[in-house]
Amino acid sequence: MLYISQTALELGFLYALAAMALFLSYRILDIADLTTDGCFVLGSAVSVTLAASGHPILAIPAAMTAGMAAGFVTAFLQTKLGVPSILAGIVTNMGLYTMNLMVMGWSANASLLKSETIFTLFEETGIGGSWNEAVLAAAATLLTGILLILFLGTRLGLSIRATGDNMDMVRASSINPAFTITVGLCIANAMTALSGAMVGQYQNAADINGGTGIVVIGLACLIIGETILGRRTLIKGAMAAIAGSVIYRLIYAVVLYTKIMPVQALRLVTAVIVALAIAFPSIKNWILFEKRKAATRKGGN
Amino acid sequence: MLDLKHISKTFNLGTINAKTAISGLSLHLDAGDFATIIGSNGAGKSTLFNAIAGAFYVDEGSISLDGKDITFLPEYRRSHFIGRLFQDPLKGTAPSMTIEENMALAYLRSSKGASPFSRISKKDKVFFREQLSLLDMGLEDRMKQPVGLLSGGQRQALTLLMATMVPPKLLLLDEHTAALDPGTAGKVLQLTREITARERITCLMITHNMKQALELGSRTLLMADGGIVLDVSGEKRAHLTVEDLLARFKAGTGRELDNDRILLST
């Protein structure tokens, strides 16, 4: 059980990077970026392929650059060519499937056999003892989170936040929304790719289907975290992504361990959680409306 | 200062819904001019503002500001020197960002060349506080609060401050007090007077209040059918009454001035 929760913690921190990317694209920029699934695989494919050829450390910035490029394509499609934002993500995602196969040498998966990874390198330093993988995952995620929050307080960061908050205002102020959307999506996808890159080296493998559902799972993590921590401030929002992701992986581990339901059923549960959480305001309004109608009928007027 | 030469704009050109919103309009404003604009519904007042601000490019004619041709300059580049307020007080500020952050965004205009990675400095904060206290609304003590918590009037006053904090070359006011209650509207209008006078900002203001149109500023423009049908200033304007204005409109266009809100507020 300890082993399972340790693994859950590690995966929680690693996948938290993808949840944080969604915090940036979905919560701050108000764009549902469907590039995420393919971008996650892109990150792991680049990372595993490079690590296999002996460059585990170089693999990380390379994967992030690849992710950034994917984000740029999506942003270019929507800001310059007028493709609706959801469709832009889907189109890029589709193209990424081929790109990912290409990165892995036209194979559906790539693996690391006895190659060094950032995790084995970190283990050799002896920091964190038997928890070294969790320490590295947590450090990477927390550092990224801190950098993200610092960035969002800069002039450029403020402009990106305003773009998602009030488009009318941005148009009338000296901010170019095409530029801020592009920067925002590039950063978000670099973070998603970083998540994929770390997970790839952690699991010693990349798989063409490894990113399926990352977008919905990431949103679920975000929603779980926000339910607990709230999302009033930026720091709480970023913390929510991390906390939610760890909790999600713990739930996953419990389901796996206790077998209270088949693990495959978790996807359906996740989908329902996300749908319900996003539908919550509508459901609340509908209930209030029905109550109001019932009250009128009872009052007889 | 501002020079519009024969500008025209037709929406949905080449379709059955083609509508000419502005046709061959020319206008010259001198530095420090404050002109009010009135006109019926659909006269092209807001379209004129959109054309000047760059929400779209005009089909014909040219626009220059301070000797610089801005006809094909995109909207976000023009907003470096054109400030704008809308009727909807929610349009000018970002609700989930704090007052301080909103002001920092507005302050971006002045900071050409500053690093995009620089943060709000102590000095900026002191300056923002000073500016906010001029509004006399107690907002200087709420700088860390999200703007979404403010009332419509407070948000509009803040937007006005943000638009003029770095004095723009031209300020466009599109019925910016129309959606506020009378008390708040008076306050925002008073602030508008003070700020434009203090900074000597060239200003165009759309209003539906005829009295206001004749009292505020130094010049009154009457628009109809995408053009300017009356342009009065100085001595002539001082003696003009609301009734004269209505009569002049009828003489110029052969119609009554049919802006429902104008009739209600005169």
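Take each residue of peptide B:82-95, count the partner chain Cβ atoms within 10 Å of its Cβ, and average: the result is 3. What is the angle, in °, between the Cα long axis of helix B:152-164 and the longest principal axis of the Cα atoms in chain B? Nearest 10 is fine, range 0 to 90. So the inclination is approximately 90 degrees. The string of couplings for the stretch A:41-56 from the Karplus curve (6.51, -1.76, 1.60, θ = phi - 60°) is 5, 4, x, 6, 5, 4, 5, 5, 4, 5, 5, 5, 9, x, 10, x Hz, one whole number per residue in order, with x for Gly and Pro. Angle of helix B:182-199 to the longest C-alpha principal axis of chain B, folded into 0 to 90 degrees and rounded to 10: 80°. Quarter the surface of the alpha carbon convex hull of the stretch B:2-254 and you get the mean projected area, 15.1 square nanometres. Among the trypsin sites (Lys or Arg not before Pro) in the stretch B:119-221, those located in a DSSP loop and surrounded by at most 13 other Cβ atoms within 10 Å of their own Cβ are B:LYS144, B:ARG200.
Of all the C-alpha pairs in the stretch B:165-222, what % are more than 18 Å from each other?
Numbers: 493 of 1653 pairs.
Summing the P(r) tail past 18 Å for the stretch B:165-222 gives 30 percent.
If you run the Gaussian network model on chain A, springs between alpha carbon atoms under 10 Å, then out of A:GLY230, A:GLY244, A:GLY38 the most flexible one is A:GLY230.
For B:GLN145, nonlocal amide neighbours, meaning residues 5 or more places apart or on other chains whose placed amide H falls under 5 Å from its own, are B:ILE99, B:GLU100. Largest GNM mean-square fluctuation among B:GLY148, B:GLY138, B:GLY42, using chain B with Cα springs under 10 Å: B:GLY138. Among B:SER96, B:SER40, B:SER23, the largest mean-square fluctuation in a Gaussian network model of chain B (Cα springs under 10 Å) belongs to B:SER96.
Extents of the stretch B:72-184, taken as max minus min of Cα coordinates on every principal axis and listed largest first, are 42, 38, 23 Å.
Hey, got a sec? Which chymotrypsin sites (Phe, Trp or Tyr not before Pro) in the stretch B:109-211 land in a DSSP loop and have at most 15 other Cβ atoms within 10 Å? Could you put the intermediate results ahead of the total?
Working: sites: B:PHE117, B:PHE127, B:PHE128; in loops: B:PHE117.
In loop regions of the stretch B:109-211 (DSSP not H, G, I, E or B), the sparsely surrounded chymotrypsin sites (Phe, Trp or Tyr not before Pro) are B:PHE117.
Could you work out the relative contact order of chain A? I mean the mean sequence separation of Cα pairs under 8 Å and 6+ apart, divided by the number of residues, in percent.
Numbers: 489 pairs, mean separation 101.2, N = 301.
Normalised by residue count, the contact order of chain A is 34 percent.
Compared with the dominant principal axis of the Cα atoms in chain A, helix A:85-103 is inclined by about 10°. Scan chain A and report its longest stretch carrying no trypsin sites (Lys or Arg not before Pro) that are both in a DSSP loop and have at most 15 other Cβ atoms within 10 Å. In chain A, the maximal stretch lacking such sites is A:115-231. Give me the Debye-computed log₁₀ of I(q)/I(0) at q = 0.06 Å⁻¹ for the protein assembly as shown, equal point scatterers on Cα only, no solvent, two decimals. For the protein assembly as shown, the Cα-only Debye profile gives -0.41. Of interest is the spacing of the C-alpha centroids, which for the stretch B:1-80 and the stretch A:225-301 amounts to 49 Å.
Counting other C-beta atoms within 10 Å, which of A:LEU77, A:LEU148 has the fewest, and how do the rest follow?
On the way: A:LEU77 19, A:LEU148 23.
The order, fewest Cβ neighbours first, is A:LEU77, A:LEU148.
Loop-located chymotrypsin sites (Phe, Trp or Tyr not before Pro) across the stretch A:50-117 with a Cβ neighbour count of 10 or fewer within 10 Å are A:TRP106, with loop assigned by DSSP.
Pairs of alpha carbons in the stretch A:2-210 separated by more than 21 Å make up 52% of all such pairs.
Bear in mind that the values in this text are calculations on the coordinates, not laboratory data. Remember, predicted model here, so these are calculated numbers, not experimental data. For neighbour counting, all protein chains shown are included, and Cβ atoms are generated from backbone atoms with ideal geometry for every residue, glycine included.
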